[in-house]
1. Output wanted: per-residue J couplings in Hz (rounded whole) for region B:242-257, from phi through Karplus 6.51 cos²θ - 1.76 cosθ + 1.60, θ = phi - 60°, x for Gly and Pro.
2. Which FRET efficiency, nearest 0.05, do C:S49 and A:H137 yield, Cβ-Cβ r, R0 60 Å?
3. For region C:170-226 and region A:93-139, write down the distance between their C-alpha centroids in whole Å.
4. Just the projected area, averaged over all directions, of the convex hull on the alpha carbon atoms of region A:5-228: how many nm²?
5. Can you tell me what percent of all Cα-Cα pairs in chain C are more than 30 Å apart?
6. Among B:W131, B:L92, B:M144, whose Cα projects farthest towards the positive end of the dipole of chain B, with charges put on the beta-carbon of Lys, Arg (+1) and Asp, Glu (-1)?
7. Report the charge-dipole magnitude of the protein assembly as shown in Debye, nearest 20, computed about the Cα centre from +1 at each Lys and Arg Cβ and -1 at each Asp and Glu Cβ.
8. Please give the contour-minus-distance gain from C:Y111 to C:I137: 0.36 nm per residue of separation, less the Cα-Cα distance, rounded to one decimal in nm.
Amino acid sequence: MSKEAVLHLEGLSKSFGDKVALSNISFSVNQKEYVSLLGPSGSGKTTLLRTISGFETPQAGRVTLAGRDVTSAPAHDRGIGFVFQNFALFPHLSVFDNVAFGLRNRAQPVPESEVRSKVLEMIDLVGLQGLARRGTHQISGGQKQRVALARTLVTRPKLVLLDEPLGALDANLRQRMRTELRNIREQLDIPFLHVTGSETEALAMGDRLIVLDNGRIGQDGAPDEIYNRPASANVARFLNRYNVFDGAFEGDAFVTKYGSFPYASRVTGGESAYAIRYDRLAARPVGSAPGSNLAATYVTSEYLGSSLVHLFETADGKVVEVEHHLSNGPPDAYEAGHAYALTWKSEHGIAFG
Amino acid sequence: MTVANIAAPAKARVKTRAAKGLGVAGTYLLLAPAMVWMTLFLVVPMAMIVYVSFWTQSTFKIDSTLTLASWRTFFASDTYINSLWTTVRIWLIVLVTTFLVGYPTALYVGLFVKNKTLQTALLVVCVIPFWTSFLIRVLAWRPMLGKEGAINILLMKAHIISQPIEALLFTELSVVIGMTQIYVVFMVGPIAFMLGRIDPSIIEAARDLGADFWRILRKIIFPLSLPGVVVGAIFVSVMVLGEFATSAALSGRKVNLLGNIIVTQVGSLKWALASVVGVILTVIMGLVIAGLLRVVDLKKEL
Amino acid sequence: MESRVLKPILAVYLGLFLLFLYGPFLVLGILSFQQGPEGGPQFPITEWSIFWYQHILGLAPPSRVAPLPIGISLFRSLSLAFMTMITSTVLGVMSAQAFRRNFRGKTLAFYLIVLGMIVPGVLVGLGSALVATTTGIERHWWSTAFATHVVYTLPFAFLVMLAIFNRFDGSIEEAAWSLGASPVRTFRKVTFPLIFPGVLSAMLFAFTLSYDEFSRTLFSSGREQTLPLAIYGTFTVEIHPNVFAFGVLTTLFSFALLTVYAILMTLSVRRARRVAIQESIA
């Protein structure tokens, strides 16, 4: 069990004309890792993937794969698999020929006798038994996804990049594929680098989560660590689980336009903001409870299955979300348009700046 | 976080960047043969025309001493000046006739025929003659227009006329008729295309507001079809200005276009004069195309 | 509303228009069955016969009507068209592939190529004749005429391929690279099969344009004539119905070409549809 990195990025920077897409990106991926890359659109995550795979050339920095510097190597010479968001299957080839393509067309093609057994084995692994002879237009979206996967994995790449692979699938399928992807990675022992714009997917999938913020690394760590201790206001925003307030430090206190908010964690540097997680808030009748107070009127609630999200609005129009996990007991009832006091414990507040 | 609309911009980006596998050098290498070919066999010949127009031409020889002699010969001669005006006149007439004849057809096919397959089928039917021999199409007008030609016979049989119309063949009229028929399809195509792109709800809205059809035609349909008219006009103009075969076949040498002059001068090896006419023709074409492109900003509309 | 009256009027107009377009052909066709060899190129038909078709094919007894110089000039036209088709399609595909990315001078290159279809044949022909005469190069159908034919047909092939590549999803090429296939191999195995319908169209365009080409060839083919030139030669002398018979045959030939093309296209279009479906998912 070697801890030597399979992929090593150092100071990677890429711009398109005036627009900076990636700025000084550095991280490594080990053999046994499933890394999720999270970021909103425009954060550079697809560009990063395309730079690693060789479809784009960086202006600066190095890409090292299993000890070999591939920064200037052409895409077809890197041995990095790429699963596209729109699948990019070869429409003029059958499922079998799609999967066999890499084996047949690489610099040293695999002899045809071996191709058959390898392809069929992989088709089994991804769950496409019986579909080998079908055309690419005769299978469903989920099946196309698996063909794209099989096609890449059969060539035993050193690293697999997945560009929003579950984006074109419906919610049910997405859930199932998440588990399957993890299983496949385990079985084949190839590191996966999985890009997504969905924070739920990112949190669920990886051993490790890298958050990309405007072309830079916002945070890099285990999902629960990032979830509980976001490293910046933007990371907190991308997680879609935090209410973020503007404000600034005055001495040791963090002051917002709603008053001074208490905090237990302080992150120095970067944008000044205050973050409190949705499920750490509670709404009480006005004047009934001590602790941090924020006045807001109740608007409506959203039912998410295992939890309820109540939407409140402050006097100046900011929407504050309060999440109640139903496993904690029945929810409180609120009246639309009525004022409530939102409270939370100071130990859950995070102040940035 | 919605992922659906992230797919669109990413895919669009991929389309323009896809040829990455080549590198910049590869791109120029791919383009080079075509560039060399066009330069050698198009640009150089065109430049030669300009150059040779200034050469000294004696009866049987030509040498590269520069002179304006051939230019003076051209502008001093009534025949040649006449051919210049004839060319411009015929061009304008044919431009107007192809427009007048072609527009109603394009209107019907592009606007009134709702079924897309039928539309394509009709356009194909209009275009098929284009795929047959140009010369045959020119030639085919002779038995139509002659004194004993089809038209005269039909008109006489229908007792519309008692004497055959002589003016149908071997006149300017016959040249115009022939050219209109041959080139009208280049008007119909682009106009029908632009008309087909008009959103029918715009016309509906105009009708609801009380406009009658002629008003809609003038104010909405025609302006929207204008890019197609311009494209068609450019095609027709280029072809008519460069014409000589139709006038040769149908006018019995009575109609002398600039193209005819070039052909006859080359036949007698009068290279310098032929080049003068060539330059004049190029200038006229350049002016016409530039003028037509002013009417509508094609890049924007298309 | 007026348009209810207008639609049938325009439909009738369309009928007249098609008559106008096809009328001369019909007359041509009818007159090709004129009695020969005394029958003239106008009405009335003194006697129906297929004499002139036999005359074209060289099967008629000798008469005062000279046979059309078809044989060898037909061969030349077909060969020239074939050479032009191959050359301009290859150049067109290469240039369109280059145009898939942005580069300096792209607009200039575009106009340079398209210029070939805009400049009328009489000018290009004059120019090439000038170059040939002043440099002492002999004019032949397989050299000078060939060069100008490609100048004329390349823009058409180029524009067709541009349109095809415009709709082409480049991500499958990237997928092929990521699987280890070199760019050359990717072009052979992935790109070319999918752009093939376009290549076929470009080839047909180029072949037909070259086969029928006349004004440029007049100046650049030297002494040996292609078929259109041979026909043109008969314009100035007395016309006989053999030209009409020839016209009918040549038209049928064009139709045959179009039919072959349509069949080949339908076979390839099935693949193109798969690409469209793939694109619509993403």
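Coordinate-derived values only; no laboratory data. Quick caveat: nothing in here was measured; it's all calculated off a predicted structure. With ideal geometry, Cβ positions are generated from the backbone for all residues, glycine too; neighbour counts draw on all protein chains shown.
1. For region B:242-257, the Karplus-derived couplings read x, 6, 8, 5, 5, 5, 5, 6, 9, 10, x, 6, 6, 9, 10, 8 Hz, x marking Gly and Pro.
2. Efficiency for this residue pair is about 0.60.
3. 30 Å
4. Details: hull surface 48.7 nm².
For the Cα atoms of region A:5-228, the hull's average projected area reads 12.2 nm².
5. Numbers: 19644 of 39621 pairs.
Of the Cα pairs, 50 percent sit more than 30 Å apart.
6. B:W131
7. Using only the charged Cβ atoms, the result is roughly 1480 debye.
8. The span from C:Y111 to C:I137 would gain 6.5 nm if fully extended.
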